[in-house]
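*Asks:* Handing you a structure now.
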Amino acid sequence: MEMERRHFLAALSASAVVTCPAALLAATGPSMARTRHGPVVGRFIGGVHAFKGVRYGASTADGGRFRPSRPPRPWTKPAPAFGDGPASPQSEPGAKSTRRQPVPESEDCLTLDVWTPALRDGGKRPVMVWLHGGGLWRSSAAGAFQSGQRLAANNDVVMVSPNHRLGLLGFAYLQEFDPAFAGSASAGMLDLVLALQWVRDNIEEFGGDPANVTIFGQSGGGQKVSLLMAMPAAQGLFHKAIIQSGPAPVALEAPYGRELASRLLHLLDVPEKRARDLQHVPLRRLMTAYYRLFHEIGGFGVLGIIQDFAPVVDGITLPQHPFWNGASPLSRDIPLIIGTTRTEMTEYTLQLDPDAPKRDFAGVSDHLRPLFGADAQGIVDHYRAAHPGAGPWEVDQLIRSDWPTRFFSRRIADAQARLKGAPVWMYRMDWSTRADNGLLMSPHAIDIPFVLDTVGTELTRPGQEEEQRQMVRQMSGAWVSFARDGRPHGDAFPHWVPYEPERRATLLFDTRSRMADDPDGGDLDRIAAGLPHYRAVAGGVTSPTSRGLVQ
């Protein structure tokens, strides 16, 4: 015991020099927990024990590259857990970027953060596992805007947030070239399965209930939730799910996944029969080739339409598309909350073209043709008639929010509800910020601080803080009550009616929230009418009953 105490103090001292000033530790106090792999040292701050950068998997470098992740080697000396772990490699070598990385990048990236009100008290608290956004190719769990400190402290829950492999390293379909790479197209998702296994095996030490785990995420995090609901390896590791502005009803199919991998091998001068040589290619060279291919295919695609490296329906790791041809039976007993913001793409559109709000309706139609082809004018005409008070900018952004994000969300809700299993709840977040002269309206990711109670740390500064606090009381309260007992309820918002395809009851979150039946129905039906002509995922979607491409 004395030796363990000395190791504890040594770890505390060493980490304080690098990542945690001694004065801060003295003010907040250290925390120690024992995981199955070894002890970890965190700190008590803001009413919770925070453990950051806890290792849950071994390094994925060298022989671990493109292969399913493994548990870490056990350790005996207390490991410092004071700072976020490294992100999965994601930066383009040599490229100038205005996006500042809050943490370093490394193939040794399988760590997670934990926030809990108490340790080893048998509290059986709900466990909420946050899956970070950034599509399937960027970002990490770092950043105050997605901290679990307030969520845990104010609601008596445990929050966990893992890092995992992304992009090329997480989703390259190589198994047709070498059976040693079985599951490589879902390696990043299998990392998350390993993180959920860590939760199952360790969370009681952190005061959580391994039998009451909710996975939730926004944008790419929602895509990961969608995919986990269809993965046999994840079955039984979580019990509820929330998809925020990140529906992924479809994955890639094998022919397209193989084409991407083959093109990558060609760029690296690696023969297909020697695909295993990729494990020894220097990371910088690998990422340079990846980004060359990334730019050739047009980037990650329209929000929600996957065309970059992503999980492939391989019949084993991912037996089917999560929801496109019907929901996976694996998800039948998983209660689900799903929804979007009202105008998902405003910030993205402004970043690409600051003059976009000046377009007239003809200009809106022209800029929508890459999405809808000859149908663009008809869709704009429909939205103008359905929203007579909306000008060109608002119509443009309603359409870009509905396709694909809101349409995909409805597709998932319909498919899940038709399983006649656990209930589904649908929402739309309508609160609007007056930032940027009101042009942002209800942009993508504005709801993250409402859910995680991190108002004041968000990447976009929307102002109107008291209104935001009102949104926190509603959305954070709904999410926590759902995690606690499988039903979103509370005094801060109206009774939330479960979703059925016939009625499509939807809670519209705002300063005055209200229920509405099928509030986007006519708009989404208009898009559905032309669906066979639109691309839902790169490479198309094969029907389970035919070889033709269906949408």
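*Asks:* Could you tell me which residue of segment 206-233 is nearest to residue 428 (Cα to Cα), considering only residues that are of a type in the set (A, V, I, L, M) and open to solvent by 10 Å² or more (accessible area, probe 1.4 Å)?
*Replies:* So the first thing to find is which residues in segment 206-233 are of a type in the set (A, V, I, L, M), and the list is 211, 213, 215, 225, 227-231, 233.
Subset that is open to solvent by 10 Å² or more (accessible area, probe 1.4 Å): 211, 233.
Details: 211: 29, 233: 31 Å.
Going through the qualifying residues, I end up with 211.
*Asks:* Mind listing whichever residues of segment 126-164 are closer than 24 Å to residue 469 by Cβ and assigned to a strand (DSSP E or B)?
*Replies:* 126, 128, 130, 158, 159, 161
*Asks:* Follow-up. Collect the residues in segment 322-356 that are open to solvent by 10 Å² or more (accessible area, probe 1.4 Å) and within 19 Å of residue 216 (Cα to Cα), keeping them in residue-number order.
*Replies:* Correct list: 327, 330, 332, 333, 334, 335.
*Asks:* Still on this structure: Do any helices (runs of 4 or more DSSP H) entirely within segment 326-402 hold 2 or more residues that are among the hydrophobic types (A, V, I, L, M, F, W, C) and free of Cβ contacts under 8 Å to residues at least 24 places away in the same chain, and if so, which? Before the answer, list the steps.
*Replies:* Working: elements: 346-352, 361-372, 376-386, 392-401.
Once the helices (runs of 4 or more DSSP H) in segment 326-402 are filtered for at least 2 residues that are among the hydrophobic types (A, V, I, L, M, F, W, C) and free of Cβ contacts under 8 Å to residues at least 24 places away in the same chain, what remains is 376-386.
*Asks:* Residue under question is residue 195, and the condition is that it be touching a Pro at 6+ places or on another chain (Cβ under 6 Å) and under 22 Å from residue 148 (Cβ atoms); does it hold? Talk me through it step by step, then tell me what you get.
*Replies:* On the way: touching a Pro at 6+ places or on another chain (Cβ under 6 Å): yes; under 22 Å from residue 148 (Cβ atoms): yes.
Yes: the conditions hold for residue 195.
*Asks:* Take the residues of segment 418-440 that are more than 22 Å from the chain's Cα centre (by Cα), not acidic (Asp, Glu) and not in a loop (DSSP other than H, G, I, E, B): which is surrounded by the most Cβ atoms within 10 Å (Cβ to Cβ)?
*Replies:* 433
*Asks:* Let me ask something additional. Under the condition of being under 30 Å from residue 286 (Cα atoms) and not in a loop (DSSP other than H, G, I, E, B), which residue from segment 40-84 is most open to solvent (accessible area, probe 1.4 Å)?
*Replies:* Here the answer is 62.
*Asks:* Given (1) closer than 20 Å to residue 479 by Cα; (2) without any contact (Cβ under 8 Å) to a residue 12 or more places away in the chain, where does residue 228 come up short, assuming only one miss?
*Replies:* Just one mismatch for residue 228, condition (2).
Results for (1) small (Gly, Ala, Ser); (2) touching a residue at least 40 places away in the same chain (Cβ under 8 Å); (3) part of a loop (DSSP other than H, G, I, E, B), shown as yes or no for each residue.
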{"site": "443", "(1), (2), (3)": "no, yes, yes"}
{"site": "474", "(1), (2), (3)": "no, no, no"}
{"site": "494", "(1), (2), (3)": "no, no, yes"}
{"site": "522", "(1), (2), (3)": "yes, yes, no"}
{"site": "532", "(1), (2), (3)": "no, no, no"}
{"site": "537", "(1), (2), (3)": "no, yes, yes"}
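*Asks:* Residue 94 fails exactly one of the following numbered conditions: (1) modelled with pLDDT of 95 or more; (2) open to solvent by 20 Å² or more (accessible area, probe 1.4 Å); (3) over 17 Å from the mean Cα position of the chain (by Cα). What is the number of that condition?
*Replies:* The number of the failed condition is (1).
*Asks:* (1) open to solvent by less than 10 Å² (accessible area, probe 1.4 Å); (2) out of contact with any Phe, Trp or Tyr (no Cβ under 6 Å at 6 or more places or on another chain); (3) within 29 Å of residue 302 (Cα to Cα): which one isn't true of residue 529, the others all being true?
*Replies:* Unmet condition: (1).
*Asks:* May I ask you to verify whether residue 188 is of a type outside the set (A, V, I, L, M, F, W, C), open to solvent by less than 20 Å² (accessible area, probe 1.4 Å) and in a loop (DSSP other than H, G, I, E, B)? Can you show your working first?
*Replies:* Values: of a type outside the set (A, V, I, L, M, F, W, C): yes; open to solvent by less than 20 Å² (accessible area, probe 1.4 Å): yes; in a loop (DSSP other than H, G, I, E, B): no.
No, not satisfied.
*Asks:* Taking residue 516 as meeting all but one of (1) within 25 Å of the chain's Cα centre (by Cα); (2) in a strand (DSSP E or B), write down the number of the exception.
*Replies:* Result: residue 516 fails condition (1) only.
*Asks:* Here's something else I'd like to know. Of all residues in segment 235-289, which are within 30 Å of residue 413 (Cβ to Cβ), of a type in the set (Gly, Ala, Ser) and either in contact with an Asp or Glu (Cβ under 7 Å, 6 or more places away or on another chain) or open to solvent by 50 Å² or more (accessible area, probe 1.4 Å) (or both)?
*Replies:* Answer for segment 235-289, where residues must be within 30 Å of residue 413 (Cβ to Cβ), of a type in the set (Gly, Ala, Ser) and either in contact with an Asp or Glu (Cβ under 7 Å, 6 or more places away or on another chain) or open to solvent by 50 Å² or more (accessible area, probe 1.4 Å) (or both): 236, 245, 254.
*Asks:* List every residue pair whose Cβ atoms sit under 8 Å apart, with the two residues 6 or more apart in sequence or on different chains, where the first one lies in segment 301-320 and is closer than 24 Å to residue 410 by Cβ and the second, anywhere, is among the charged types (D, E, K, R) and part of a loop (DSSP other than H, G, I, E, B).
*Replies:* Once the first residue is closer than 24 Å to residue 410 by Cβ and sits in segment 301-320, its partners that are among the charged types (D, E, K, R) and part of a loop (DSSP other than H, G, I, E, B) give 301/308; 303/344; 305/535.
*Asks:* Between a residue in segment 247-269 that is closer than 17 Å to residue 136 by Cβ and any residue that is open to solvent by 10 Å² or more (accessible area, probe 1.4 Å) and assigned to a strand (DSSP E or B), which pairs come within a Cβ distance under 8 Å, given they are 6 or more apart or on different chains?
*Replies:* 251/313; 252/313; 253/313; 253/542
The values are calculated or read from the model by the stated rules, or taken from the named source; none is laboratory data. Just so you know, these numbers come straight off a predicted model, no measurement behind them. Glycine also receives a Cβ, built like all others from the backbone with ideal geometry; neighbour counts cover every protein chain displayed. For the accessible areas, the whole protein counts, side chains as well, though only heavy atoms, and no ligand, DNA or RNA atoms are used. Shrake-Rupley method; radii C 1.70, N 1.55, O 1.52, S 1.80 Å.
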